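The values are calculated or read from the model by the stated rules, or taken from the named source; none is laboratory data. Quick caveat: nothing in here was measured; it's all calculated off a predicted structure. Quick reminder, even Gly has a Cβ in these numbers, built from the backbone with ideal geometry, and neighbours come from all protein chains shown. When the accessible area is computed, the model is the full protein with side chains, heavy atoms only, and any ligands, DNA or RNA have been set aside. Shrake-Rupley method; radii C 1.70, N 1.55, O 1.52, S 1.80 Å.
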Amino acid sequence: MKLLVTGGAGYIGSVVAHQLVAAGHEVEILDDLSTGFATNLPAAAVFHHTSIHRVAEILTPDADFDGVLHFAAKVEVAESVRDPEKYWHHNIEGSLALLRAIRTARTPRLIFSSTGSMYSGDGRTAFDEAAEIRPANPYAATKATVDMMIAGECGTGTLGAASLRYFNAAGAVRTAETYLGERHEPETHLIPILLQAAGGQRDTFTLFGTDHPTTDGTCVRDYVHVSDLAAAHLLALEALSPGRYEVFNLGNGDGYSNRQVLDTVREVTGRDFPVYDADRRPGDPAVCIANSDKAAVELGWKPQRPNLSDIVADAWEFHRTVHGIAG
Ligand code: UDP
């Protein structure tokens, strides 16, 4: 298939782009490189260095794309609380520009990078696709909104689409060409921040929220390896049918508290660092765990690297390589 990957220089998008190339697809990538890295791009992909707002210049009727995988978005919860407009602009208006281009070009397939963090519940039950949607921050609100926009678009006839609601992506992937891992500037995500503390790139680690209604008081998340997430995109692409919209939750179904992740990082790296307890981070839901039965049954998705220690070990190996830290 001829496929456009928006945000293909970013963390998850680049891993998907490499898997698509390896599977024999013809891949073009749109990315503004505001947060992604040119070094993440597969050599075989055509690269368009531009903004998602200008996607119609690439996704033209003549270009004849068979599908789009849409990752281009702002992804920081705390930033979205501070600056919601940025999220409306990039995530909602950017996706609207894409949907308009898809409509004009009559592109038949769309896979959207969505989030499991839009669900809300009692913290005891894992979230399936029917769980209540109550976004706790503007970032999650944009993903829920775009999901609804895509569902509406599919209702008009030809487009077949799937939203993949990721839980917490983590880990890294080494390809023949490059090494793909999580690195945002500034970094806000738990595992890379813990690895920075372990690797000496930061002096301390701040633990946000120790009074959540969980066993040890810290937030619980479901970490899923980025290579397993990526594999689900290729499966979903094959499963799409015209006029239908599907949602799939993607996680391992295991919850780890922030303290458990901290302990795993200490164990895997063999390094320790000072930890400071702080107030809750605004917009953080207490518990977020996936029920991915639908992806297992309908897509045949089976994570190959579900163990948290393995996920952290892969992320650590990547972190050491990027920062030149000896083993
Ligand atoms: N977290 C933390 N300290 C940090 C960064 C994150 O305690 O320096 C916590 C954060 O408050 C949340 C969890 O780690 O409870 C996961 O946050 P992350 O941003 O990695 O992912 P999210 O679940 O928000 O998408």
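Where the only charges are on Cβ atoms (+1 Lys, Arg; -1 Asp, Glu), what is the dipole of segment 211-313 about its Cα centre, to the nearest 20 debye?
Taking the Cα centre of segment 211-313 as origin, the dipole is about 200 debye.
What spacing in nm lies between the two simple spin-label points modelled at D263 and A38, each 7 Å away from Cα in the Cβ direction?
4.5 nm
Using Cα atoms only, what is the angle between the long axis of helix 190-199 and the major principal axis of the chain, expressed in degrees (0 to 90) to the nearest 10?
50 degrees
Counting only residues 5 or more places away or on other chains, whose amide H sits under 5 Å from the amide H of T175 once H atoms are built in the peptide plane?
Hits under the 5 Å cutoff: L180.
Build a GNM of the chain with springs between Cα atoms under 10 Å: which of V46, V224, V68 gets the top mean-square fluctuation?
Ranking V46, V224, V68 by mean-square fluctuation puts V46 first.
Using θ = phi - 60° and the Karplus curve 6.51 cos²θ - 1.76 cosθ + 1.60, what whole-Hz ³J(HN,Hα) does each residue of segment 282-290 get, with Gly and Pro shown as x?
x, x, 7, x, 5, 10, 8, 10, 8
Order K2, K86 by their accessible area, 1.4 angstrom probe, all chains in place, largest first.
K86, K2
Accessible area per residue, 1.4 Å probe, Å², for segment 131-271: what's the number?
With all protein chains present, segment 131-271 gives 38 Å² per residue.
Using helices alone, I'd like the mean residue ellipticity at 222 nm for the chain: each DSSP H run of four-plus residues gives -39500 (n - 2.57), total over residue count, nearest 500.
Working: 9 runs with 103 residues, N = 327.
So the helix-based figure for the chain works out to -9500 deg cm²/dmol.
Below 13 angstrom from the Cβ of T210, what's the summed charge of the other residues (Lys, Arg +1; Asp, Glu -1)?
-2
So, counting K/R as plus one and D/E as minus one, what does the shell of residues with Cβ under 9 Å around T115 add up to?
+2
Pick from R124, R183, R100 the residue whose mean-square fluctuation is largest in a GNM of the chain, springs joining Cα atoms under 10 Å.
R124
Any idea which of T188, H48, T175 is furthest toward the positive side of the dipole for the chain, if Lys and Arg beta-carbons carry +1 and Asp and Glu beta-carbons -1?
H48
From the phi of every residue in segment 232-246, what ³J(HN,Hα) in whole Hz does the Karplus formula 6.51 cos²θ - 1.76 cosθ + 1.60 yield, where θ is phi - 60° and glycine or proline is x?
Calculated HN-Hα couplings, in order: 5, 5, 5, 5, 5, 4, 6, 8, 5, 10, x, x, 10, 10, 10 Hz.
Between I29 and residues 5 or more places away or on another chain, which pairs have amide H atoms under 5 Å apart, with H built 1.01 Å from N, and which residues are they?
Close amide H contacts, sequence-distant or interchain: V5, V46, F47, H48.
Per residue of segment 9-21, in order, report the coupling 6.51 cos²θ - 1.76 cosθ + 1.60 (Karplus, θ = phi - 60°) as ³J(HN,Hα) in whole Hz, putting x for Gly and Pro.
9, x, 5, 6, x, 5, 5, 5, 4, 5, 5, 5, 4
Which lysines, on any chain, are close to K294 with Cα under 17 Å apart, when same-chain ones fewer than 8 places away are left out?
K302
Heavy-atom accessible area of Y276 with all protein chains present, probe 1.4 Å, nearest 10 Å²?
Answer for Y276: close to 130 Å² accessible.
At a 1.4 Å probe radius, carbon and sulfur cover how many percent of the accessible area of the chain? Before the final figure, lay out the partial values.
Values: 6710 of 13720 Å².
Solvent-exposed carbon and sulfur of the chain make up 49 percent of the total.
Considering only the other residues whose Cβ falls under 14 Å of the Cβ of L159, what net charge follows from Lys and Arg at +1 and Asp and Glu at -1?
Net of charged neighbours comes to +1.
Search the structure for amide H atoms under 5 Å from the amide H of A169, placed 1.01 Å from N in the peptide plane, and list their residues when 5 or more places away or on another chain.
Those lying under 5 Å, H to H, from A169 are V224.
Can you list the aspartates and glutamates whose alpha carbon is less than 19 Å from that of K74, not counting same-chain residues fewer than 8 positions off?
Candidates past the 8-residue exclusion: D31, D32, D83, E85, E93, D147, E182, E185, E187, D284.
Of the residues A230, A286, A63, which exhibits the maximal mean-square fluctuation in a Gaussian network model of the chain defined by a 10 Å Cα contact cut-off?
Evaluated over the chain, the most mobile residue of the options is A63.
Between T178 and K302, with labels modelled 7 Å along Cα→Cβ, what's the label distance in nm to one decimal, could you check?
The modelled label-to-label distance comes out at 3.2 nm.
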